[in-house]
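Input: a single structure, listed below in structure tokens.
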Amino acid sequence: MDFTLSGESKMMVKAARDLAKQEIEQIEAKIEEEDAIPDDIWQKFAKARMLGMMIPKEYGGIGSSALNVILILEELAKTGSAVAFLMALNNSVVETIYHWGSEDLRKRFIPPLCDGSLWPAMAFTEPGTGSDPTAITTSAKPDGDHYVLNGTKRFISYGHKKGYGVFYAKDETEKVTAFVVDKSSEGYTWSKPWSLMGLAGQGLVDIFLKDVKVPKENILGEKGKGFHILLRWIAGERVQQMAFMVGMGQECLNESLRFAKERIVRGRPMTDMQGFQWMLAEMHASIEASRWWTYRVASKQDEGDDIAVDSAALKLFVVPTIQEVARKALQIHGSYGYCKDYKIEKLYRTIASPGVTAGSTEIQKTLVGSALARSKEI
Ligand SMILES: Cc1cc2nc3c(=O)[nH]c(=O)nc-3n(C[C@H](O)[C@H](O)[C@H](O)COP(=O)(O)OP(=O)(O)OC[C@H]3O[C@@H](n4cnc5c(N)ncnc54)[C@H](O)[C@@H]3O)c2cc1C
């Protein structure tokens, strides 16, 4: 068991830290004000070689590891910006197309997502459900060389931005099939973005599919096996989300330490008081435990293990643990923590989201509990 980061990983962490400081933090106020991420962010990610990272070089990636992706995300997450989620979405969508796609699909769709010219999307959720794949109603009916998609997808990040997305629909056999959809197709329209509690610029829209023609060759993996694709995608997404939580949790601690060292209470810095030292200690221990477990699951992913249950258990632990870190951070800041002038306010709002996105906490409990109940090992 090796707990040291390789030289390559250390370099990537440094590159991500620089990108966060020099590019993301500079535009964050504008993103918050306009609730939109500028298109040129992709060129910055592409230049830093942070798109489609796990994909071989011949398709435009760099052939790196899941662990390196989450190390980068952890750094970017310290900004508390939706820009970090964007990088995660790119990497997971591109990896999904690479893993399940035919050679033709790989060649057509991956390079423009890796060079930063197009925006990715992943569309599962619908007005009727976000948790239950059997309840989706978007239909895909065969028609000659095409499938014709009809339905509404809800809360689709960057669904309105030019590019490609992986869409889940029920085919003529009532089974879930995954399709790569060109977001400029005829019949593809969208709502205005939802206004969110946090994650300014996330660009969450509803997508209306009205007789959208998708070539049959755009089916990912096997017809009727879309649920497997979704489960594998969402397992990787959970680990990325948890790296995001670790980075934000660490920033909560950093901000709290800065604040507590300077804030004078009863004539002394807050850090002199044992009660606050204990809170800081608990925050530190919580973040370290979350961090190393996240690294562990990412390493298992790199070893080719099925991480469906591991990633669900990880999420089950990290979400409430880091949410408690954020609560303590706000408490340490007193009323300043409730003001937008302090970074803690944004982190607190952003940290609220992973418990209800990409599989809620309750769904993780069901996944882990049912796996334990089925297990024959004990
Ligand atoms: C910022 C953000 C970004 C998002 N991006 C995307 C995206 O890009 N693509 C996409 O497809 N979706 C996206 N979503 C949607 C999100 O993933 C779903 O909303 C989420 O999976 C939960 O689905 P739901 O809201 O329909 O809740 P529901 O499925 O209706 O669940 C409601 C409540 O019931 C609980 N529940 C449901 N089923 C069970 C059960 N069997 N047992 C116990 N409890 C249960 C849930 O845990 C939850 O508490 C995004 C959402 C947000 C907020």
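Only the coordinates and a few stated rules stand behind these numbers; no lab work does. Nothing here was measured: the structure is a model prediction, and the numbers come from that model. Here Cβ is always computed from backbone atoms with ideal geometry, including for glycine, and neighbour counts include all displayed protein chains.
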* Asked: Taking other Cβ within 10 Å of each residue's Cβ, how do Thr129, Thr177, Thr294, Thr357 sort, fewest first?
  -> Thr129, Thr357, Thr177, Thr294
* Asked: Just from the alpha-carbon atoms, what are the Rg and Dmax of the stretch 1-103 in angstroms?
  -> 14.2, 47
* From phi via Karplus (6.51, -1.76, 1.60), per-residue ³J(HN,Hα) for the stretch 319-329 in Hz, x at Gly/Pro -> 4, x, 5, 6, 5, 5, 4, 5, 4, 5, 4
* Asked: What FRET efficiency would be calculated for the residue pair Leu372, Arg327, taking the C-beta separation as r and a Förster radius of 30 Å, to the nearest 0.05?
  -> 0.55
* Asked: Relative contact order, percent, of the stretch 1-118 when contacts are C-alpha pairs under 8 Å separated by at least 6 residues?
  -> 31 percent
* Structure fact -> In the stretch 239-272, the trypsin sites (Lys or Arg not before Pro) that sit in a DSSP loop and have at most 13 other Cβ atoms within 10 Å of their own Cβ are Arg266
* Sorted by packing (mean other beta-carbon atoms within 10 Å per residue), highest first, where do 328-336, 87-95 land? -> 87-95, 328-336
* **Pairwise FRET efficiency - Lys175 versus Glu34, Cβ, R0 = 41 Å, nearest 0.05** => 0.50
* In Hz, Karplus ³J(HN,Hα) per residue of the stretch 102-113 (6.51, -1.76, 1.60; θ = phi - 60°; x = Gly, Pro) -> 6, 4, 4, 4, 4, 5, 6, 9, 6, x, x, 7
* Local electrostatic count, Met242, Cβ distance below 14 Å [Lys/Arg +1, Asp/Glu -1] -> +1
* Structure fact -> With T = 37 °C, eta = 0.692 mPa s and Kirkwood Rh from C-alpha pairs, the Stokes-Einstein D of the chain in µm²/s is about 153 µm²/s
* Asked: Given 0.36 nm per residue, what is the gain on full extension from Asp143 to Trp292 after removing their alpha carbon distance, in nm?
  -> 48.7 nm
* Asked: Between Glu262 and Lys365, what length comes free when the chain is fully extended (0.36 nm per residue of separation minus the Cα-Cα distance, one decimal in nm)?
  -> 33.0 nm
* Asked: Near Ala16, within a Cβ-to-Cβ distance under 12 Å, what is the net charge of the other residues, with Lys and Arg +1 and Asp and Glu -1?
  -> +3
* Structure fact -> Scaled by the rule-of-thumb 2.2 N^0.38 Å, the alpha carbon Rg for the stretch 236-332 gives a ratio of 1.26
* Structure fact -> Per principal axis, largest first, the Cα atoms of the stretch 1-47 extend in Å by 46, 19, 17
* Tell me, what ³J(HN,Hα) does each residue in the stretch 247-252 have, in order and in whole Hz, if you take phi through Karplus 6.51 cos²θ - 1.76 cosθ + 1.60 with θ = phi - 60° and put x for Gly and Pro? -> x, 5, x, 4, 5, 4
* **D (Stokes-Einstein, µm²/s), Kirkwood Cα radius, the stretch 121-224, 1.567 mPa s at 4 °C** => 95 µm²/s
* Where GluC sites (Glu not before Pro) fall in DSSP loop in the stretch 166-238, at most 14 other Cβ within 10 Å -> Glu172, Glu174, Glu186, Glu222
* Structure fact -> With -39,500 (n - 2.57) per DSSP H segment of 4 or more residues and division by the full residue count of the chain, the 222 nm estimate, nearest 500 deg cm²/dmol, is -16500 deg cm²/dmol
* Would you mind getting me the FRET efficiency between Arg49 and Ser185? Use the beta-carbon distance for r and R0 = 22 Å, nearest 0.05. => 0.15
* Directionally averaged shadow of the stretch 306-353, computed from the convex hull of its alpha-carbon atoms, nm² -> 3.4 nm²
* Sequence ranges 158-171, 39-52, 1-14, ranked by mean other-Cβ count within 10 angstrom, highest first -> 158-171, 39-52, 1-14
* To do: Using DSSP to define loop residues, name the GluC sites (Glu not before Pro) in the stretch 344-378 whose beta-carbon has at most 14 other beta-carbon atoms within 10 Å.
  => Glu377
* Structure fact -> Residues other than Gly116 with Cβ under 14 Å of its Cβ, Lys/Arg counted +1 and Asp/Glu -1, net out at +1
* Structure fact -> Relative contact order of the chain (C-alpha contacts under 8 Å, at least 6 apart) in percent is 15 percent
* Structure fact -> Of 112-125, 64-77, ordering from highest average Cβ density within 10 Å down gives 64-77, 112-125
* Do you know the relative contact order of the stretch 244-378, to the nearest whole percent, from alpha carbon pairs under 8 angstrom that are 6+ apart? -> 28 percent
* Reciprocal mean inverse distance between Cα atoms of the stretch 136-193 - Kirkwood radius, Å -> 12.1 Å
